[in-house]
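First up is the structure itself, then whatever we jot down about it.
The values are calculated or read from the model by the stated rules, or taken from the named source; none is laboratory data. These numbers come from a predicted model, not from an experiment. Reconstructed Cβ throughout: ideal geometry from the backbone, glycine too, with neighbour counts over all protein chains shown. What goes into the accessible areas is simple: the full protein's heavy atoms, side chains included, and nothing from ligands, DNA or RNA. Shrake-Rupley method; radii C 1.70, N 1.55, O 1.52, S 1.80 Å.
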Amino acid sequence: MIELSDSVDFNKAPSREGTNAEKYVKREKLFGSEEVLPMWVADMDIETPFFVIDAIRERLKHPILGYEEAPEKMFEAQMAWIQKHHGYALQREWMFYSPSVVASINMAIQTFTQPGDKVIVQSPVYFPFYSAVTNNDRHVLKNRLLEKDGYYEMDFDALEASIDERTKLLLLCSPHNPVGRVWKEDELQRLGEICINHDIIILSDEIHSDLVFGGFKHTPTAAISKELQARTLTCYGPGKTFNMAGLAISTVCISDEALRERFRKVYKSVHFAEGTVFGHVGFEAAYSKGEVWHSELISHLQGNIDYLDLCLKEYMPRISMRKPEGTYLVWLDCRSLGLNFKELKRFFYEEAKLGLSSGMSFGKEGDGFMRINLATPRSSVEEAVSRLHRAYASRSF
Ligand SMILES: Cc1ncc(COP(=O)(O)O)c(C=O)c1O
């Protein structure tokens, strides 16, 4: 029996100073000062679960860290987790180890498109979706999400109208970073029909699929229908949920044999080998021991989100948010502040001393927004609110 309550404290705030944590190391470069409270990169300032750390410690008892084969137990643990949490039965032969979802996206672009082809992204969206396309000399076909009162929906009509014979692949962010939507089954169905009708392959990035709040349910794109499954690649990983992105381990799952064999050619050419010694044991421990920790994490994150929402409503009504359905990222609507892009950054970085992601980094549709990462101890959210309020009150908004 795991004595969880003795071991887990989501409000413990270990300092990351002196580690190579990107979120901290880049403060000066991105925000002009080491004094900002960094709430940008999507990892957590919450301890990686003890059972992941314990598995690594256990592995370290053996003194050789040579090449390893990715163990079957690791894949089995993820398959069981996805079956339990999302009701979707993966098969082992569909799965490839990948060091990162972004690497998988790049490989999918290289496999299923040619230079000059178009790849659909639904903006605003996680910025590597754009760079993966342009770095491979393909064109981004933007399908802008429709926004009403902070709620985002897909624009199916515009999507259908924009597709032409060079459009080959759609990058789907599900749940969606940064707008926090958990796509509903009927939305995925409609999107899928369009892709089927126009022979478009889907890469469904489901890295945030375990970070979904009460009342919402993640639906794997590939679970919608056999037809859709046959044209979908799905990326899953424990990096976000269990705060272990530094272990560089994820999977990409492709059920269709022909697509899988095409992908395998590119996959072999980059030679990822089989993953890392610590990644293997951490991955297996996360998916096989993470049940209770995960549900406590969701409650903690929900508390942080509710707290920020109340504070904004009460003290800073010109900054609004819609609570995310999924992800620990909150999309702050700052349009009522009446600041342009540069002024908004100055307000957050220099006056409030908060290192947040600028909405514009997710595409120009993000103008007037900032993204804040709430995967922190509560004390950091309180500190962020107090810094923001001080800056807000000193202006006459
Ligand atoms: C939607 C999405 N996909 C992928 C990633 C990164 O995943 P990885 O580190 O496995 O490349 C992130 C990280 O923020 C993300 O938000």
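For the stretch 177-192, taking the residues that are within 13 Å of the ligand (Cβ to nearest atom) and either open to solvent by 10 Å² or more (accessible area, probe 1.4 Å) or out of contact with any His (no Cβ under 8 Å at 6 or more places or on another chain) (or both), the one that is nearest to K226 (Cα to Cα) is identified as R181.
One residue stands out in the stretch 205-217 among those that are open to solvent by less than 40 Å² (accessible area, probe 1.4 Å) and farther than 16 Å from Q78 by Cα: the one that is nearest to the ligand (Cβ to nearest atom), namely V212. Only one entry of C235, C195 meets the criterion of being over 24 Å from D333 (Cα atoms), in a helix (DSSP H, G or I) and open to solvent by less than 40 Å² (accessible area, probe 1.4 Å), and that entry is C195. When the stretch 86-122 is filtered for residues that are surrounded by fewer than 18 Cβ atoms within 10 Å (Cβ to Cβ) and in a loop (DSSP other than H, G, I, E, B), the ones remaining, listed by number, are G87, A89, Q91, Q114, P115, G116.
The set of residues from the stretch 83-121 being away from the ligand (no atom under 16 Å from the Cβ), touching a Leu at 6+ places or on another chain (Cβ under 9 Å) and in contact (Cβ under 8 Å) with a residue 40 or more places away in the chain comprises T111, F112, T113, D117, K118.
Criterion applied to S361, S379 was being open to solvent by 30 Å² or more (accessible area, probe 1.4 Å), within 16 Å of the ligand (Cβ to nearest atom), polar (S, T, N, Q) and not in a loop (DSSP other than H, G, I, E, B), and the one residue passing it is S361.
I'm checking my understanding of the structure. Among residues of the stretch 163-172 that are touching a residue at least 24 places away in the same chain (Cβ under 8 Å) and surrounded by fewer than 23 Cβ atoms within 10 Å (Cβ to Cβ), which one is farthest from the ligand (Cβ to nearest atom)? Per the criteria, the residue is D164.
Restricting attention to the stretch 315-329, report how many residues are open to solvent by 10 Å² or more (accessible area, probe 1.4 Å) and more than 16 Å from the ligand (Cβ to nearest atom). Within the stretch 315-329, residues that are open to solvent by 10 Å² or more (accessible area, probe 1.4 Å) and more than 16 Å from the ligand (Cβ to nearest atom) number 7. If you scan the stretch 26-42, which residues turn out to be more than 20 Å from I305 (Cα to Cα) and away from the ligand (no atom under 16 Å from the Cβ)? Matches in the stretch 26-42: R27, E28, K29, F31, G32, S33, E34, E35, V36.
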